[in-house]
1. Based on this model, can you work out whether ARG222 counts as open to solvent by 40 Å² or more (accessible area, probe 1.4 Å), within 12 Å of the ligand (Cβ to nearest atom) and not β-branched (Val, Ile, Thr)?
2. Do we have PRO47 as under 18 Å from GLU5 (Cβ atoms) and within 20 Å of the chain's Cα centre (by Cα) here?
3. Somewhere in the range 138-150, is a residue assigned to a strand (DSSP E or B) and either of a type outside the set (Lys, Arg) or open to solvent by less than 20 Å² (accessible area, probe 1.4 Å) (or both)?
4. Residue check: is LEU211 surrounded by fewer than 19 Cβ atoms within 10 Å (Cβ to Cβ) and either within 11 Å of the ligand (Cβ to nearest atom) or over 17 Å from the mean Cα position of the chain (by Cα) (or both)?
5. Going residue by residue through the range 322-340, is there one that turns out to be touching a residue at least 60 places away in the same chain (Cβ under 8 Å), out of contact with any Leu (no Cβ under 8 Å at 6 or more places or on another chain), open to solvent by less than 30 Å² (accessible area, probe 1.4 Å) and acidic (Asp, Glu)?
6. Among the residues of the range 264-288, how many are without any contact (Cβ under 8 Å) to a residue 24 or more places away in the chain and within 15 Å of the ligand (Cβ to nearest atom)?
7. Collect the residues in the range 278-321 that are open to solvent by less than 30 Å² (accessible area, probe 1.4 Å), closer than 30 Å to ASN258 by Cα and part of a helix (DSSP H, G or I), keeping them in residue-number order.
8. Scan the range 179-227 for residues that are among the polar types (S, T, N, Q) and part of a strand (DSSP E or B) and jot them down.
Amino acid sequence: MRTIEMNNGVVKMIDQRKLPRQFEIVECRDYGAVAHAIKDMTIRGAPAIGAAAAFGLALAALESKATTREALLRDLDVAEKILRATRPTAVNLMWALDRVMKQAQTQNLDASGLRDWVVAEAQRIAEEDVQINTAMAKNGAALINDGDTILHHCNTGPLATVDIGTALGCIIEAHRQGKKIHVLVDETRPRLQGARLTAWELMQYGVPMTLIADNAAGHYMRKGKVQKCFVGSDRVAANGDVANKVGTYKVAVVAHENGIPFYAVMPTSTIDMTLAHGDDIPIEERDAREVTHIDGVPIAPEGVHVGNPAFDVTPNKYITALVTERGVVRPPFGENLLKTMK
Ligand code: MRU
């Protein structure tokens, strides 16, 4: 199945907290359950949480007892605020909510018609995500050569989107095209999206890979073992600065030092032209237990002070190109992102 789908008033998603040990599906029957699933990372990855937010609004529309269009819009507004507050960094979440809410205001429909429209719009967002990722995968795969070893951080595969993936989608597509590639998979502490999810996905697709500790990435780069780095993004500012899973910045700096091209892959819905630079991107701070515990087992002294930013910002000077569904964007990013987003 896809990472997330909605049928007959039920939103089903793959439980990403349980993989790779268990493959379980979580069913959400109200928008509160969707909001909870985004917050506790049952579903995660920028485009996937965008689709989840849209499906959350669809459930809110179905739950609402409103008999007038105005009352339904008010109920949607309440749900929208709760969904918006779930995670702050990935802009796809806000993008999807804005898209549904803004267009809902302009639909000349009664309550029942508007309810159907919200459900249909959420389905369109999910469907478009798959098409966009397919285009991005082709654009990114063209940058990968036969024989390349690619370093990858976090999880950007089918699970991080509705299907196909962003950076990992490009890598899987290059493999599908018959290119002989190898992937170095950063484990991605603290939540281990690389070890748990990316390794699992690449093994499903039969892509040759090696799982490495995050701290080993620099060693492989300095030894000349890495030809390219591919990562995703949770938000790109108008100047091309990229917010992505914490640790991305370190990978980019070491890649730059060693002359290794560094590509960030994202749909245009991840590009936030309202923010001038990456320092304006809100960075989520998550629970200390993600650092002090592994699978519920404490690994640090009780009461230790912890910092747990979930994302970091990579300045545009370390980025070779941004890969989108509309094409590959190269520096100067300010100028070229404006053209791409027109
Ligand atoms: O905290 P997560 O697991 O939601 O973070 C996900 C990432 O940082 C991904 O790399 C990002 O969403 C871009 S690829 C879809």
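The values are calculated or read from the model by the stated rules, or taken from the named source; none is laboratory data. All values reported here derive from a predicted model rather than from experimental measurement. Glycine gets a Cβ as well: all are built from the backbone with ideal geometry, and neighbour counts include every protein chain shown. The area values use the complete protein model at the heavy-atom level, side chains included, leaving out ligands, DNA and RNA. Shrake-Rupley method; radii C 1.70, N 1.55, O 1.52, S 1.80 Å.
1. Spelling it out, it is not the case that ARG222 is open to solvent by 40 Å² or more (accessible area, probe 1.4 Å), within 12 Å of the ligand (Cβ to nearest atom) and not β-branched (Val, Ile, Thr).
2. Numbers: under 18 Å from GLU5 (Cβ atoms): yes; within 20 Å of the chain's Cα centre (by Cα): yes.
Yes; evaluated as a whole, the condition is true for this residue.
3. Taking the range 138-150 first, the residues assigned to a strand (DSSP E or B) are 149-150.
Then keep just the ones that are either of a type outside the set (Lys, Arg) or open to solvent by less than 20 Å² (accessible area, probe 1.4 Å) (or both); that gives 149-150.
Within the range 138-150, one or more residues are assigned to a strand (DSSP E or B) and either of a type outside the set (Lys, Arg) or open to solvent by less than 20 Å² (accessible area, probe 1.4 Å) (or both).
4. So LEU211 fits the description; yes.
5. No, that holds for no residue.
6. Within the range 264-288, the subset without any contact (Cβ under 8 Å) to a residue 24 or more places away in the chain is 287-288.
Now restrict to residues that are within 15 Å of the ligand (Cβ to nearest atom): 287.
Looking only at that region, the number is 1.
7. GLY278, the sole residue that qualifies.
8. Step one: of the range 179-227, the residues among the polar types (S, T, N, Q) are 188, 193, 198, 204, 210, 215, 227.
Matches in the range 179-227: THR210 only.
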